[in-house]
Amino acid sequence: MSQLTDSELAKARAILGREPNQTEEGIFTVMWSEHCSYKSSRLHLKKLPTRSPRVLVGPGENAGIIDIGKDAEGRGYAIAFKIESHNHPSFIEPFQGAATGVGGILRDIFTMGARPIAVLDAIRFGPLTDPANGDRNCRILEGVVGGIAHYGNCFGVPTIGGECVFEPCYNGNPLVNVFALGVFRHDEIFFGRATGIGNPVIYVGAKTGRDGIHGASMASAVFTEESKQKRPNVQVGDPFMEKLLLEACLEAMHTGAVVGIQDMGAAGLTCSTCEMGSRAETGIEIDLSLVPQRETGMTPYEIMLSESQERMLLVAEAGREAEVFAVFKKWGLDAVTIGRVTSDGILRVKDHGQVVAEIPNRQLADEAPLYDRPHNTEPFRTAPLEPPDIPVSKDLTADLLKILGSQDVCSKRWIWQQYDQSVRTNTLAGPGADAAIVRIKETGTSVAMVVDGNARYCSLSPREGAKLLVAECCRNLSTVGALPVAATNNLNFGNPERPEIMAQLVEAIEGIAEACRFFETPITGGNVSLYNETLGESIWPTPVMGIVGLMKTAPPVTIPFKEEGRTVMLLGGAGGTDAAHFGGTQYAKVVLNDMWGLPPALDMDEEKRVQAAIREIVEHELVQSSHDVSDGGIAAALAECSMGGIGADIKLPSEVRPEFALFNEAPSRILISTDQPDAVKRIALDHNVGCVEIGVTMKGRLRIDHHSATWVDSPVDRLREVWENALEELLTPAYVGS
């Protein structure tokens with residue numbers, strides 16, 4: 001059934017000069033879906049910065065690529081990275097939805113010629129304690145984590161970081177965003193272009209089945225009661241097949257016989273053929289009777305729209321097909337010539353020699369409808385601006401324990417212990433660190449990476465929340481000593497046909513653009529996931545950023561305090577706040593069960609100076625630990641620094657009420673422990689950054705005093721017990737360890 005609007009169908013008729021047949025209408029439907037064409041967001045995505053001296057390949061290809069330096073022989077090295085969503089499929093079939101999300105993003109990386117070396121995940125669910133949906137949310141969480149673990153572990157790529165957040169708005173729309181990164185030399189970069197008239201078009205990988213048909217269209221629509229019946233739209237993945245496909249593709253590329261390559265992701269064979277032709281300004285002619293099929297009686301419509309996994313499309317140099325076939329035969333994979341590159345710019349699809357579809361490539365792939373949807377309204381808010389009367393805390397230590405045991409802040413050990421974090425032996429810092437780090441052995445460089453999002457802030461102000469998000473990602477990288485250099489983004493929003501939701505999207509994009517330009521982290525690619533809405537209830541605006549940074553390979557600076565008697569210092573702002581900027585904090589969520597106001601105020605100039613200072617401090621090896629202050633404020637950050645058994649005796653200078661002083665989430669603050677406080681202060685002064693001594697590390701206890709009053713006092717073991725076990729205790733027992 002067509003999902004084209006009347007105006008879109010009229011445009012398709014005008015392009016063809018006739019009525020489209022069923023196969024052609026299906027092709028237009030998937031290629032002009034929101035998921036493939038970005039027809040509601042393309043206009044605004046142009047506002048994002050995309051260039052820098054390091055950017056080798058920006059948006060428009062399967063993944064962005066940046067330069068990371070040279071090896072000892074002077075050969076240039078690069079990394080390819082991108083983030084993608086698999087939200088709708090993961091709600092319908094959590095395990096396979098998440099697993100094929102990992103498979104898809106890995107193919108985006110190795111289709112560029114890079115070997116994947118790291119995966120991170122940003123996942124969101126409804127609360128596990130929700131009275132009506134808790135059991136289902138537990139099942140979805142278990143399925144999604146199991147799918148990510150299964151695919152990544154079997155494929156042989158480490159999953160080394162991420163985040164997991166719980167909010168009621170995700171009850172009907174869990175979010176599964178997966179980031180992947182690969183490494184290669186400059187001379188190994190490949191593009192998804194069908195160049196060379198007469199060159200053969202070769203199908204490789206798994207056989208085509210009926211799974212995933214109209215998956216892209218499903219991802220471009222809101223959920224209804226009938227959505228549970230859409231399991232056939234969810235692909236089924238085989239990570240072992242993908243591992244073979246990776247090795248075969250890289251080996252085939254190294255023969256020199258391959259001139260273009262693209263994975264069959266969303267919209268399958270349709271997307272790969274027309275996009276490769278459009279990029280090269282050529283045509284492609286294929287015959288579907290030659291496509292390897294695992295089911296009998298498949299129609300041209302089904303073959304063109306199938307999203308069966310682990311498939312790629314190659315264009316080889318004419319006369320060198322045998323070299324490609326030999327490689328894929330060695331790896332036990334199908335490799336079949338199904339067509340050729342033509343000069344007429346047409347996607348021509350035949351079945352047993354009979355033409356079943358004929359559509360101009362460029363109009364199909366690059367001239368999809370472009371909508372400037374109404375957004376001249378206030379973004380939809382879920383909370384009032386005015387703060388309530390905030391009660392005085394009866395027990396600040398109990399408040400801290402409650403936050404540490406909350407679903408957002410608690411340890412995600414139950415999740416990441418299911419992931420292989422060290423395969424390939426390059427992981428220097430994995431799950432739980434401020435930023436994950438992998439070493440690039442050939443260059444002596446390490447790549448730090450982080451994914452993050454804060455829908456609470458973005459629901460209060462999409463623009464300011466997005467800027468805070470970019471700042472925090474860059475701060476996480478800087479805290480481990482890495483210079484942020486480039487970014488990818490995943491924009492998860494509701495129905496763009498609602499002006500108040502479209503306003504959220506536009507404001508968030510403009511906030512990201514402003515911050516990425518300021519922090520010099522251009523966007524090299526990304527993903528937009530819209531229509532995340534079920535039965536009229538939209539998710540909160542949830543932009544997720546993946547940002548990478550570069551550093552010299554060295555033992556990483558980590559979060560835990562290491563030794564007794566070290567000076568604890570707060571680098572950056574004092575963290576001032578007021579009631580109006582306190583309503584998006586974890587304290588407001590967990591302790592007060594409320595939400596209001598605006599996100600914390602961000603001074604981007606101060607933030608940039610703080611980040612420059614901590615990078616220099618880390619580079620000079622002046623700190624034993626470092627950790628940024630974020631969710632849960634300075635109290636939660638101090639507790640997290642104490643999880644290794646060494647706590648601290650803190651004297652917190654503050655002139656605001658204790659709830660604000662301990663739990664406000666103002667940016668631009670980093671906790672460090674050091675035995676060289678004077679050297680740290682000199683660097684801070686050079687960068688015009690505040691730096692105060694707030695205490696000293698001590699064994700086994702965290703105590704936070706204010707003048708003569710003790711605000712927090714707890715054994716470290718008690719903090720760790722609550723923090724480490726909370727998630728497992730919240731999960732339905734039937735799913736723990738299953």
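The values are calculated or read from the model by the stated rules, or taken from the named source; none is laboratory data. Computed from a predicted model, the values in this text were never measured in an experiment. Virtual Cβ from ideal backbone geometry, glycine too; neighbours counted across all protein chains shown. Side chains included, ligands, DNA and RNA excluded: accessible areas come from the protein's heavy atoms. Shrake-Rupley method; radii C 1.70, N 1.55, O 1.52, S 1.80 Å.
Values for this structure:
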{"read-out": "Solution diffusion estimate, µm²/s, Stokes-Einstein, segment 492-567, Kirkwood Rh from C-alpha pairs, 10 °C, viscosity 1.306 mPa s", "value": "100"}
{"read-out": "Probe 1.4 Å, all protein chains present, accessible-area order of 675, 108, largest first", "value": "675, 108"}
{"read-out": "Angle in degrees between helix 268-280 and the longest Cα principal axis of the chain, rounded to the nearest 10", "value": "90"}
{"read-out": "For log10 I(q)/I(0) by the Debye sum over Cα atoms at q = 0.09 Å⁻¹, calculated from these coordinates, the label among [x] -0.69; [y] -0.77; [z] -1.00", "value": "[y]"}
{"read-out": "For the chain, share of DSSP beta bridges that run antiparallel, in % to the nearest 5", "value": "80"}
{"read-out": "Computed over segment 296-412: relative contact order in percent, which uses C-alpha pairs under 8 Å that are six or more apart", "value": "10"}
{"read-out": "For residue 342, residues with placed amide H under 5 Å, excluding near neighbours", "value": "198, 283, 284, 285"}
{"read-out": "Nearest-20 debye value, the chain charge dipole, Cβ charges on Lys, Arg, Asp, Glu", "value": "1060"}
{"read-out": "Span per principal axis, largest first, for the Cα atoms of segment 95-187 (Å)", "value": "55, 21, 18"}
{"read-out": "Cα centre as origin, Lys/Arg/Asp/Glu Cβ charges: segment 445-518 dipole, Debye", "value": "160"}
{"read-out": "Spatial separation of Cα centroids for segment 587-607 and segment 421-494, in angstrom", "value": "20"}
{"read-out": "Percentage relative contact order, the chain, counting C-alpha pairs under 8 Å, at least six apart", "value": "15"}
{"read-out": "³J(HN,Hα) computed for each position of segment 315-329 - Karplus, 6.51 cos²θ - 1.76 cosθ + 1.60, integer Hz, glycine/proline x", "value": "10, 10, 6, 3, x, 10, 4, 4, 5, 5, 4, 5, 5, 6, 5"}
{"read-out": "Mean ellipticity per residue at 222 nm, deg cm²/dmol - from DSSP H runs of n ≥ 4 across the chain, formula -39500 (n - 2.57)", "value": "-9500 deg cm²/dmol"}
{"read-out": "Inter-centroid distance (Cα atoms) of segment 1-79 relative to segment 256-319, Å", "value": "16"}
{"read-out": "Charge context of residue 553, other residues only, Cβ under 9 angstrom, K/R +1, D/E -1", "value": "+3"}
{"read-out": "For segment 504-548 versus segment 617-644, the gap between their alpha-carbon centres in whole angstrom", "value": "28"}
{"read-out": "Karplus 3J(HN,Hα) series, Hz, for segment 702-716 with 6.51 cos²θ - 1.76 cosθ + 1.60 (x for Gly, Pro)", "value": "10, 10, 10, 10, 9, 6, 8, 9, 9, 8, 9, 8, 7, x, 4"}
{"read-out": "Listed residue (94, 357, 633) projecting farthest to the positive dipole end of the chain, Cβ model", "value": "357"}
{"read-out": "Vicinal HN-Hα couplings computed from phi for segment 622-637 (Karplus, 6.51 cos²θ - 1.76 cosθ + 1.60; Hz; Gly/Pro x)", "value": "9, 10, 8, 8, 8, 7, 7, 8, 8, 4, x, x, 5, 5, 5, 5"}
{"read-out": "5 angstrom amide H check on residue 648, placed H, neighbours 5+ away", "value": "698, 701, 702, 703"}
{"read-out": "Neighbourhood charge, 13 Å Cβ-Cβ cut-off, centred on residue 649 and excluding it, Lys, Arg +1 and Asp, Glu -1", "value": "+1"}
{"read-out": "For the chain, with +1 on Lys and Arg beta carbons and -1 on Asp and Glu, the positive-most of 4, 695, 432 along the dipole", "value": "432"}
{"read-out": "Long-range HN-HN contacts of residue 711 with modeled amide H, under 5 Å", "value": "704, 705, 706"}
{"read-out": "Within-11-Å neighbourhood charge of residue 515 [Cβ basis; K, R +1; D, E -1]", "value": "-2"}
{"read-out": "Dipole magnitude of segment 369-417, debye to nearest 20 (Cβ charges: Lys/Arg +1, Asp/Glu -1, about Cα centre)", "value": "340"}
